[in-house]
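Undergrad: Mind having a look at this structure? Questions to follow.
The values are calculated or read from the model by the stated rules, or taken from the named source; none is laboratory data. Note that the structure is predicted; figures quoted are calculated from it, not measured. Note that we place each Cβ from the backbone using ideal geometry, even for glycine, and neighbour counts take in every protein chain shown.
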Amino acid sequence: MERRNMPMKAFLEEYGIIIIVAIIALIMVLLATPLGHYIGEAVAATVTNFITKSGISSPPQITMPW
């Protein structure tokens, strides 16, 4: 089978695991950088703001790993 005529399903069957592992590795590296901390704090602030505005009487506590 020639590479240029490979349908998408066959491509994902052959390279899907490699792509997923690469994405997970990139996410782990991102989380270890200051940008990852900024993103984590922004997500936590957004969730906290949403919970506050929604009027939940006993919201869960969000703990950050850093």
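Undergrad: Could you tell me whether THR63 is at pLDDT 85 or above and of a type outside the set (Gly, Ala, Ser)?
TA: no
Undergrad: Go through segment 29-60 residue by residue and tally those that are modelled with pLDDT of 85 or more and either in contact with a helix residue (DSSP H, G or I) (Cβ under 9 Å, 6 or more places away or on another chain) or not in a helix (DSSP H, G or I) (or both).
TA: 1
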